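Below is one structure, written out as structure tokens; the observations come after it.
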Amino acid sequence: MYQRYAARLEVPTAARVFTAVQTDELFRDGSMRIADHHAAGGNATYVYEFDYRPAEDEHAQHALGATHCADLPFLFNTFDAYPDSPMLGRPTDAVRTLGRTFATAVAEFVTSGSVNDWLPYTPATAARVRHFD
């Protein structure tokens, strides 16, 4: 497991590998179990991962990576409420475009129960997880 996680990291220190394992356990694995169960029951299921991390993060001493709740300023277009936030970095035009794309997909799902360009999830099919980064 250590080697698998280390291979995903740019700088695979023991602390970063441990953090990645814990992050998956706390935030990803349980959600995926719920998605698997929901989809296996014949229900349309949509799964996304919000993978965005600011460009400045790569050079930070303690790189945060994609952080919990970082998707909220993208969803609500509230970047300016968080000046100098290490989890957001500087909101460039590309970052704001990602926010519009993400917010549009969420709004479409909320209003219709599906998203035009997003295939429903099926268990053990990683390609059906939509990544926003």
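For the subset of region 98-123 comprising residues that are part of a helix (DSSP H, G or I) and touching a residue at least 24 places away in the same chain (Cβ under 8 Å), which member is nearest to residue 79 (Cα to Cα)?
Across region 98-123, the extreme among qualifying residues is 99.
State yes or no: is residue 93 more than 25 Å from residue 4 (Cα to Cα) and open to solvent by 80 Å² or more (accessible area, probe 1.4 Å)?
yes
Within the bounds of region 44-56, is there any residue that is among the aliphatic types (A, V, I, L, M) and closer than 25 Å to residue 1 by Cβ?
yes
Within region 2-39, count every residue that is within 16 Å of residue 129 (Cβ to Cβ) and loosely packed, with under 15 Cβ neighbours inside 10 Å.
Result for region 2-39: 10.
When the residues of region 99-133 are filtered to those that are open to solvent by 70 Å² or more (accessible area, probe 1.4 Å) and of a type in the set (D, E, K, R), which remaining residue is nearest to residue 37 (Cα to Cα)?
Result: 128.
Is one or more of the residues making up region 67-80 at positive phi and of a type in the set (S, T, N, Q)?
There is at least one residue in region 67-80 that is at positive phi and of a type in the set (S, T, N, Q).
Does region 58-80 contain any residue that is within 13 Å of the chain's Cα centre (by Cα), under 30 Å from residue 4 (Cβ atoms) and surrounded by fewer than 11 Cβ atoms within 10 Å (Cβ to Cβ)?
Yes, region 58-80 contains at least one residue that is within 13 Å of the chain's Cα centre (by Cα), under 30 Å from residue 4 (Cβ atoms) and surrounded by fewer than 11 Cβ atoms within 10 Å (Cβ to Cβ).
The values are calculated or read from the model by the stated rules, or taken from the named source; none is laboratory data. Nothing here was measured: the structure is a model prediction, and the numbers come from that model. Because the Cβ atoms are built from the backbone with ideal geometry, glycine has one as well, and the counts that use them run over all protein chains shown. SASA here: full protein model, heavy atoms, side chains in, ligands and nucleic acids out. Shrake-Rupley method; radii C 1.70, N 1.55, O 1.52, S 1.80 Å.
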